[in-house]
């Protein structure tokens with residue numbers, strides 16, 4: 001499967017939209033697509049029995065006026081994800097390790113459970129509801145559970161060694177963050193190496 005930047009014509013994009021049953025779409029001049037309904041690229045034996053699980057998104061999306069579902073695949077990156085989703089964004093049960101390329105705005109739920117995301121870097125600027133159970137970051141998220149505080153958390157720069165099997169966090173910085181938002185400090189965060 002090719003990335004959009006390798007396409008030579010809008011007909012190639014049309015063909016992929018047909019292949020994945022994407023309807024009510026507009027191809028923009030930059031070869032991104034807007035879709036005026038949901039996009040379902042989630043894998044199931046019943047939904048796409050003739051396709052392998054996706055390792056990359058097949059197109060570059062811009063705005064989606066509905067849900068965007070790419071769950072139960074083998075995605076290691078969200079590259080190609082829409083910039084804005086006016087519904088839910090579902091990417092659970094993939095192989096994601098970071099939020100880079102996630103939508104900037106998700107007006108519904110952001111469900112990224114059962115991945116291996118270790119840091120809040122690149123988190124969307126707006127999310128209605130967030131669920132990250134089954135990721136290392138869930139241990140941190142569970143301490144404050146407020147998406148409006150994630151930018152502040154990132155300012156405290158608590159995460160280290162994101163690319164290793166056991167990432168580290170700077171406990172003094174985490175506790176400074178927690179005290180700043182009126183939460184109690186903690187002695188240890190499991191899953192992370194506490195430094």
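State which residue is surrounded by the fewest Cβ atoms within 10 Å (Cβ to Cβ) when the search covers only region 120-168 and only residues that are in contact with a helix residue (DSSP H, G or I) (Cβ under 7 Å, 6 or more places away or on another chain) and within 13 Å of residue 98 (Cα to Cα).
121
Conditions tested, residue by residue: (1) out of contact with any helix residue (DSSP H, G or I) (no Cβ under 8 Å at 6 or more places or on another chain); (2) under 22 Å from residue 76 (Cα atoms); (3) outside any loop (DSSP other than H, G, I, E, B); (4) not assigned by TED's automatic domain parsing to the domain that holds residue 78.
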site: 94; (1), (2), (3), (4): yes, yes, no, no
site: 101; (1), (2), (3), (4): yes, yes, no, no
site: 108; (1), (2), (3), (4): yes, no, yes, no
site: 115; (1), (2), (3), (4): yes, yes, no, no
site: 189; (1), (2), (3), (4): no, no, no, yes
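Quick check on my filter: what residues within region 149-176 are over 15 Å from residue 195 (Cβ atoms) and modelled with pLDDT of 95 or more? I'd like the intermediate steps shown before the answer.
Looking only at region 149-176, we keep the residues that are over 15 Å from residue 195 (Cβ atoms), and these are 149-155, 163, 165.
Within region 149-176, 149, 150, 151, 152, 153, 154, 155 meet the criteria.
Mind listing whichever residues of region 83-110 are farther than 16 Å from residue 128 by Cα and surrounded by 19 or more Cβ atoms within 10 Å (Cβ to Cβ)?
Taking region 83-110 first, the residues farther than 16 Å from residue 128 by Cα are 92-101.
Result: 92, 93, 94, 96, 98, 99.
The values are calculated or read from the model by the stated rules, or taken from the named source; none is laboratory data. Being a predicted model, the structure only gives us computed values, none of them experimental. When we count neighbours, we look across all protein chains shown, and the Cβ atoms used for this are built from the backbone with ideal geometry, even at glycine.
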